[in-house]
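We did not get these values from a lab; they are worked out from the coordinates using the rules stated. Quick caveat, the model's predicted, so the values are computed rather than measured. Don't worry about glycine lacking a Cβ; one is built from the backbone with ideal geometry, like all the others, and counts go over all protein chains shown.
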Amino acid sequence: MIINPETIFTVGADPEMFIVNKKTGEVVSSIGIIPGEKGAPWVDPSWPDGFGIEIDNILVEYNIPPARSKDQFVSYIEFMKSYISDFVAKINPDYTILCASSRMVPEAELNNPIAQLFGCCPDFNCYTGNPNPRPKGDKTNLRSAGFHVHYGYEEPTIDQSVEMVKYFDVFLGLMSLLFDTDRKRRSLYGKAGCYRLTSYGVEYRTLSSKMAETPEMVALIYDGVCAATQAYERHIPIPNSTNVVDAINNSDVNAAKYILNTFRKSIREDLFAYAYLTKLVNLK
């Protein structure tokens, strides 16, 4: 398996999670429980630079430093999940965290104006170039949680960043459908090709918090970034975008499996991208 040794990139994330009451199973708002807010995360004095927690709508969101290896990436995510789980349990032993795509939230947990705020700034569709519509929080009790992947690389350009999002849709977006069967989240967020440009590269916003559920799923995200980078740098043509978008936006698992398996057959067998796709199509 070959990964281009000249490729230098970092992978960060700002995943969101629900707080739930273990006894009732209901979602509990993070407002008043979690310190920190958008643009001003709370940082434990013992943490290295790059870690932080904050509220986002009724969710708890956390930040990790840019990772340069899969082990780093997984360990950063697991560290923050464990910390936040312990943090909320100290406030109420019945509280725990939940990595899930979406949940209906009790009306009583949505009374704060912050619970009606969606999207600090617009994100965009890489296929149309247009901003995605902002959800209206006062129209629904549905809330969704994302796992946004931050991809950093040397001398980023808009064209390369937007093109990378299309590769991420194939290697990450389609992959996520094998684990995340939720069909509600994309009425709010997470459609195919969803991104924001950053100073260091691009933020890919299609994945949900479900992908943080286990270390193995988090590792697949990092592997998917590696595979997408390799495919992009080797100019490997990716599947028809219409089919990819339809599969992701309709949460069509069978279509995702078919696209991934067909695509796999077009890639040299000694490449990491081939091994990654083989692993996906062999999942049970």
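General remarks:
- In region 245-284, the residues that are closer than 25 Å to SER187 by Cβ, loosely packed, with under 15 Cβ neighbours inside 10 Å and over 20 Å from the mean Cα position of the chain (by Cα): ASN254
- If the condition is being more than 18 Å from ILE259 (Cβ to Cβ) and not in a helix (DSSP H, G or I), then region 205-242 contributes ARG205, SER208, GLU213, THR214, ARG234, HIS235.
- Residues that are of a type in the set (S, T, N, Q) and outside any loop (DSSP other than H, G, I, E, B) within region 245-272 comprise ASN249, ASN254, ASN261, THR262, listed in sequence order.
- Single match in PRO135, PRO156 (criterion: surrounded by 15 or more Cβ atoms within 10 Å (Cβ to Cβ), under 14 Å from LEU59 (Cβ atoms) and not small (Gly, Ala, Ser)): PRO135
- For region 215-244, a residue qualifies if it is surrounded by 15 or more Cβ atoms within 10 Å (Cβ to Cβ) and among the hydroxyl-bearing types (Ser, Thr, Tyr), and the qualifying residues are TYR222, THR229, TYR232, SER241.
- Restricting ILE31, ILE53 to those that are in a strand (DSSP E or B) and not basic (Lys, Arg) reduces the list to ILE53.
- Hits in region 95-110 - residues which are in contact with a Leu (Cβ under 7 Å, 6 or more places away or on another chain) and surrounded by fewer than 18 Cβ atoms within 10 Å (Cβ to Cβ): MET104
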